[in-house]
Ligand SMILES: O=C(O)COP(=O)(O)O
Ligand SMILES: [Mg+2]
């Protein structure tokens, strides 16, 4: 990959620009409390984020319902059809997330500098996340990052989410650059796999969430410790 060939950049949100693990944990724990279930461990959330809200809520709920102490307690949630509990939990999660969005989250070091330098170099920027679009837009605004992006797309913007290449191809279209001219910057194998399949070069940050796997094992052209390194 030659950086001078790159005309625009697609940037992932959770784990790449903002450390949102605290938001996820708090919103999930409010949700579990509504269902009279015990709180979730932070590391399960860290291993599960990145594939959208439905996947996160469903996985965490399945894990908590299978805990021996929950089975022994005769929790009411166990007596309901599972798809109904999933649906109810997702509704409660979205309700809570709306109000805690950004409250337990921090912009990673180097992000503002990296975005400023990319914009100053004349490149267009899009944010592409598996987070619902409305939450992503609000988070970017709360953290003062929205102004850097000409486009913001979420997990509900297209028919399929990353690691499918469709969201990247659609984002390239919106940016008006070919996949080969469009760099994907992310933190997980979802970003790496989607970028490879779409034909976009891909840089992965080394500090995000990658389902508990070493980030070097995910498809990438470049590993970076900070977005500020991109133009070096
Ligand atoms: O799974 C999510 O909600 C967000 O994940 P992403 O911003 O890393 O795509
Ligand atoms: Mg991510």
query: If we scan segment 220-228, do we find a residue that is without any contact (Cβ under 8 Å) to a residue 60 or more places away in the chain, assigned by TED's automatic domain parsing to the domain that holds residue 131 and within 13 Å of ligand 2 (Cβ to nearest atom)?
result: no
query: Filter segment 128-144 for residues that are surrounded by fewer than 21 Cβ atoms within 10 Å (Cβ to Cβ) and part of a loop (DSSP other than H, G, I, E, B); which is nearest to the chain's Cα centre (by Cα)?
result: 132
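Only one residue in 62, 66, 71 is closer than 29 Å to residue 193 by Cα and without any contact (Cβ under 8 Å) to a residue 40 or more places away in the chain, so which one is that? Talk me through it step by step, then tell me what you get.
Details: 66 fails: closer than 29 Å to residue 193 by Cα; 71 fails: closer than 29 Å to residue 193 by Cα.
Going through 62, 66, 71 in turn, just one is closer than 29 Å to residue 193 by Cα and without any contact (Cβ under 8 Å) to a residue 40 or more places away in the chain: 62.
Any residue at all in segment 108-116 that is assigned to a loop (DSSP other than H, G, I, E, B), within 13 Å of ligand 1 (Cβ to nearest atom) and either out of contact with any helix residue (DSSP H, G or I) (no Cβ under 7 Å at 6 or more places or on another chain) or assigned by TED's automatic domain parsing to the domain that holds residue 179 (or both)?
As a first pass, look at segment 108-116 and keep what is assigned to a loop (DSSP other than H, G, I, E, B): 108-110.
With the extra rule that they be within 13 Å of ligand 1 (Cβ to nearest atom), the set shrinks to 108.
Filter once more, so that each one left must be either out of contact with any helix residue (DSSP H, G or I) (no Cβ under 7 Å at 6 or more places or on another chain) or assigned by TED's automatic domain parsing to the domain that holds residue 179 (or both): 108.
Yes, that holds for at least one residue.
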field: Test result for residue 49, within 16 Å of ligand 2 (Cβ to nearest atom), closer than 24 Å to residue 162 by Cα, in the same structural domain as residue 205 (by TED's automatic domain parsing) and touching a strand residue (DSSP E or B) at 6+ places or on another chain (Cβ under 8 Å)
entry: no
- line: The residue from 179, 214, 167 that alone is away from ligand 2 (no atom under 16 Å from the Cβ) and either outside the structural domain of residue 44 (by TED's automatic domain parsing) or at pLDDT 95 or above (or both) is 179
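Tell me the helices (runs of 4 or more DSSP H) entirely within segment 1-104 that contain at least 2 residues that are in contact with a helix residue (DSSP H, G or I) (Cβ under 9 Å, 6 or more places away or on another chain) and within 14 Å of ligand 1 (Cβ to nearest atom). Before you say what the answer is, go through the steps one by one.
Working: elements: 21-34, 42-48, 53-65, 68-73, 82-100.
The helices (runs of 4 or more DSSP H) meeting that bar are 21-34, 42-48, 53-65, 82-100.
Does segment 115-127 contain at least one residue that is within 16 Å of the chain's Cα centre (by Cα) and either at pLDDT below 95 or more than 22 Å from residue 26 (Cβ to Cβ) (or both)? Steps first, answer last, please.
Of the residues in segment 115-127, the ones within 16 Å of the chain's Cα centre (by Cα) are 126-127.
Adding the requirement that they be either at pLDDT below 95 or more than 22 Å from residue 26 (Cβ to Cβ) (or both) leaves 126-127.
Yes, segment 115-127 contains at least one residue that is within 16 Å of the chain's Cα centre (by Cα) and either at pLDDT below 95 or more than 22 Å from residue 26 (Cβ to Cβ) (or both).
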query: Just a yes or no: is a residue in segment 172-179 under 18 Å from the mean Cα position of the chain (by Cα) and either within 15 Å of ligand 1 (Cβ to nearest atom) or closer than 16 Å to residue 11 by Cβ (or both)?
result: no
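The values are calculated or read from the model by the stated rules, or taken from the named source; none is laboratory data. This one's a predicted model, so the numbers in the text were calculated from it and none came from an experiment. Quick reminder, even Gly has a Cβ in these numbers, built from the backbone with ideal geometry, and neighbours come from all protein chains shown.
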